[in-house]
Amino acid sequence: MQRRLFLQRIAIGLAGSPLMAAGCRNHQTAHVLTKDDKDMVGSHAAGAETWRPLINEATCKLLGRQQLGVETVSHQAADGTMAVEQQLTRKRICFVGVENKSVEEIGDFKEQIYEQVDSIVNESETFEVVNRRFIEAGLRECRLRPDDLFVPGNRRMFTASMEKMEQPFDYLLFAKITSGTTTSNKDYQRDYDLTLELVNVDNGDYDKETAELRKGYHKTKLGKIRNYGV
C-alpha cells in the first residue's frame with residue numbers, strides 16, 4: 001500500500017514539473033496557402049521557394065532556343081494546281097530523370113521537379129514528353145542507368161527498345177542539381193544550380209541551360225537559423 005502511494009506521488013510530481021509542462025505546450029499547426037500566398041522559405045534547406053523559380057527559368061530558356069519543327073506537305077488544290085503547306089510538328093522528348101549532386105538531400109522534391117519540368121514541356125508548342133512508365137521499362141530492358149545513355153552504343157540500344165514499344169523520340173533530356181556553400185563564421189550562403197541537358201539522338205547535337213538561385217542562412221543568438229535570399 002505504501003509503495004503504491006509512493007509511486008502515485010512521484011507520477012503527480014513529474015506531471016507538474018517544468019519539463020513535463022514544457023512538453024505539453026509543444027504543438028504543431030498548419031494552414032492552407034492560397035495562390036496569392038508566397039511559398040514558405042526553408043529555414044535549413046532548399047524548398048519550394050528555391051526549386052520553382054529554378055525549374056521555370058531553366059526549362060523555359062532551354063525550350064525557347066529550340067525552333068519549331070516544320071514539315072512541308074504538298075497537295076492538289078481545287079483548281080488543279082499543286083499547293084504547298086507547312087505543318088508544325090512537335091518533337092518528342094525522353095526525360096530520363098533528375099540527378100541530385102548537391103550537398104542536401106532533396107527528398108520528395110525530386111519527384112516534384114520531374115513532374116514540373118514534364119508539365120512545362122508538354123504545355124509548349126514545340127515538344128511533348130514520352131510517358132515515364134515507358135522510359136523506365138526501356139531502361140530496365142536494356143539494363144541501363146540514365147547516365148549510361150551518354151555512350152553512343154547504349155543510346156542506340158535504348159532508342160531501339162523504345163521504338164519496339166512504339167515510343168520513338170527525338171531528344172533525351174537530363175536534369176541535374178548541384179550546390180556550392182560559402183561559410184562566414186556561423187552564417188553561410190548556398191548557391192543552388194539546376195542544369196538541363198538536351199541531346200538530339202539523331203546527330204548528337206547538345207544544348208544546355210543552367211539556372212541559379214543564391215540563399216543565405218543566418219543563426220540568431222538563440223541558435224535559430226534565419227534565411228534570406230541573396
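Below, the figures for the structure above:
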| item | result |
| --- | --- |
| Residues being touching a residue at least 40 places away in the same chain (Cβ under 8 Å) and polar (S, T, N, Q) - total across the range 148-166 | 1 |
| Residue list for the range 177-201, restricted to those being under 25 Å from Thr159 (Cα atoms) and either surrounded by fewer than 20 Cβ atoms within 10 Å (Cβ to Cβ) or among the β-branched types (Val, Ile, Thr) (or both) | Thr195, Glu197, Val199, Asn200, Val201 |
| Scan of the range 111-120 for residues that are surrounded by 17 or more Cβ atoms within 10 Å (Cβ to Cβ) and either in contact with a His (Cβ under 7 Å, 6 or more places away or on another chain) or charged (D, E, K, R) (or both), ordered by number | Asp118 |
| Scan of the range 186-230 for residues that are at pLDDT 85 or above and among the hydrophobic types (A, V, I, L, M, F, W, C), ordered by number | Leu194, Leu196, Leu198, Val199, Val201, Ala211, Leu213 |
| Qualifying residue in the range 130-145 (condition: in contact with a Ser or Thr (Cβ under 6 Å, 6 or more places away or on another chain) and buried (at least 16 other Cβ atoms within 10 Å of the Cβ)) | yes |
| Residues being over 18 Å from Gln112 (Cβ atoms) and assigned to a strand (DSSP E or B) - total across the range 179-214 | 21 |
| Output for the range 119-147, where each listed residue is without any contact (Cβ under 8 Å) to a residue 40 or more places away in the chain and part of a helix (DSSP H, G or I) | Ser119, Asn122, Glu123, Arg132, Arg133, Phe134, Glu136, Ala137, Gly138, Arg140, Glu141, Cys142 |
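The values are calculated or read from the model by the stated rules, or taken from the named source; none is laboratory data. Just so it is clear, the structure is predicted and the values come from calculations on it, not from any experiment. Heads up, the Cβs are rebuilt from the backbone with ideal geometry, glycines too, and the neighbour counts pull from every protein chain shown.
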